[in-house]
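The values are calculated or read from the model by the stated rules, or taken from the named source; none is laboratory data. Since this is a predicted model, take the numbers as computed values, not measurements. Methodologically, a virtual Cβ is constructed for each residue, glycine included, from the backbone with ideal geometry; neighbour enumeration extends over all protein chains shown.
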Amino acid sequence: MSERTILKLQLPTDPLWVKNVVESNIEEILTDHAFCEQKAASNAITLIVQNPNLSDLVQEMAALVIEEMDHFKRVHDIILERGYVLGRERKDDYVNELRKFLPNGGSRETQLVDRLLFSAMIEARSCERFKVMSENISDKQLSAFYHELMISEAGHYTMFIRLAKKYSGSVDVDKRWKEFLAYEAQVIQNYGKKESIHG
C-alpha cells in the first residue's frame, strides 16, 4: 500500500521515528495509542449525537464505536501483558492543530463535511504511522498488531471520505480534501519526534 496513492498524504513519516523514539518508549506509545482509540470512539459518538437524522451515518458510526473500543481493549490487554498500567490521557497536539482548520460557523452541511474530513485525516495519518511501525519495529507481536490495525484504519479513512461525499450537498469534497491535505502537510512537519502515535 502506497500512502501517496491511497491516503494522499504529502509528507511521509521517517522510519527512524520507530528506531529512535518508539522502541525506547513502548509503554508511552501504547498508552497514547489506547487513548487514540478511545477518542476515535468518542468522535463517532459525537457524530451520532449531532446527526441523529442521518440513519446511514448513525449505523456506520455505531459500528465504528464498537470497533474502536475493541481496539482500545486490545491495546490495554497488551499493556497488561507487559506488566504496564494504562497511564494518564495525553493531549494530542497534532489533532488539536488539525482542528484549527475547521472554521467556526457555516451551514450544517459544511460543518458535517469538515468533521468527516477531519476524521478521515486522523485515520489516514494513523494508518500511515501504523504502517511505518509494522515495517520497522523489531517487536514481532507489535509488528503484526500494527499491520492488522493499519488495514483497519485504511478502511475507516475510506468510510469517512465516502460519507463526506454522500452528504456533501453543494460542498466540493475533493477540493476541500486537497486543501486539508496541504494544511496537514504543514502541521506534520513539526511531528515525528515524540513518544506518541501522532507526536
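Does at least one position in region 108-115 carry a residue that is part of a loop (DSSP other than H, G, I, E, B), out of contact with any helix residue (DSSP H, G or I) (no Cβ under 6 Å at 6 or more places or on another chain) and at pLDDT below 95?
No, there is no match, as no residue in region 108-115 is part of a loop (DSSP other than H, G, I, E, B), out of contact with any helix residue (DSSP H, G or I) (no Cβ under 6 Å at 6 or more places or on another chain) and at pLDDT below 95.
Scan region 82-100 residue by residue and report those that are at pLDDT 95 or above and under 13 Å from ALA34 (Cα atoms).
TYR84, VAL85, LEU86 - these are the residues of region 82-100 that are at pLDDT 95 or above and under 13 Å from ALA34 (Cα atoms).
Can you confirm whether region 171-190 contains a residue that is more than 15 Å from VAL113 (Cβ to Cβ) and assigned to a loop (DSSP other than H, G, I, E, B)?
Looking for residues that are more than 15 Å from VAL113 (Cβ to Cβ) and assigned to a loop (DSSP other than H, G, I, E, B), one finds at least one in region 171-190, hence yes.
Return only the number of the condition from (1) closer than 22 Å to PHE35 by Cβ; (2) without any contact (Cβ under 8 Å) to a residue 60 or more places away in the chain that GLY105 does not satisfy.
Of (1) closer than 22 Å to PHE35 by Cβ; (2) without any contact (Cβ under 8 Å) to a residue 60 or more places away in the chain, only one is false for GLY105: (1).
Just give me the residues in region 150-166 being surrounded by fewer than 18 Cβ atoms within 10 Å (Cβ to Cβ) and touching a Lys or Arg at 6+ places or on another chain (Cβ under 9 Å), in sequence order.
Selection gives nothing.
When you check VAL58 against the structure, is it in a helix (DSSP H, G or I), β-branched (Val, Ile, Thr), more than 16 Å from the chain's Cα centre (by Cα) and surrounded by fewer than 14 Cβ atoms within 10 Å (Cβ to Cβ), yes or no?
Considered against the rule, which asks whether it is in a helix (DSSP H, G or I), β-branched (Val, Ile, Thr), more than 16 Å from the chain's Cα centre (by Cα) and surrounded by fewer than 14 Cβ atoms within 10 Å (Cβ to Cβ), VAL58 comes out as no.
Go through (1) surrounded by fewer than 20 Cβ atoms within 10 Å (Cβ to Cβ); (2) closer than 21 Å to LEU47 by Cβ; (3) not aliphatic (A, V, I, L, M) one by one and return the number of the condition ASN136 breaks.
Condition not satisfied by ASN136: (2).
Which ones in region 71-125 are within 14 Å of the chain's Cα centre (by Cα), more than 20 Å from THR158 (Cα to Cα) and surrounded by 15 or more Cβ atoms within 10 Å (Cβ to Cβ)?
PHE72, ASP92, ASP93, TYR94, GLU97
From the list SER126, SER119, which residue is of a type in the set (S, T, N, Q) and out of contact with any Phe, Trp or Tyr (no Cβ under 7 Å at 6 or more places or on another chain)? Spell out how you get there, then give the answer.
Numbers: SER119 fails: out of contact with any Phe, Trp or Tyr (no Cβ under 7 Å at 6 or more places or on another chain).
Step by step, each of SER126, SER119 is checked, and only SER126 is of a type in the set (S, T, N, Q) and out of contact with any Phe, Trp or Tyr (no Cβ under 7 Å at 6 or more places or on another chain).
Considering only residues that are assigned to a helix (DSSP H, G or I) and surrounded by fewer than 17 Cβ atoms within 10 Å (Cβ to Cβ), which ones fall in region 7-37?
Those that are assigned to a helix (DSSP H, G or I) and surrounded by fewer than 17 Cβ atoms within 10 Å (Cβ to Cβ): LEU16, LYS19, ASN20, GLU27.
Kindly list, by first and then second residue, each pair from a residue in region 174-185 that is loosely packed, with under 13 Cβ neighbours inside 10 Å to a residue that is not in a helix (DSSP H, G or I), limited to pairs with Cβ atoms under 6 Å and residues at least 6 apart or on different chains.
Close Cβ pairs satisfying both conditions: ALA185/GLN10; ALA185/LEU11.
Could you please tell me which pairs satisfy a Cβ distance under 9 Å, a separation of 6+ or placement on different chains, a first residue in region 67-95 that is free of Cβ contacts under 8 Å to residues at least 24 places away in the same chain, and a second residue that is part of a helix (DSSP H, G or I) and surrounded by fewer than 15 Cβ atoms within 10 Å (Cβ to Cβ)?
Final answer for the pair search is GLU81/GLN141.
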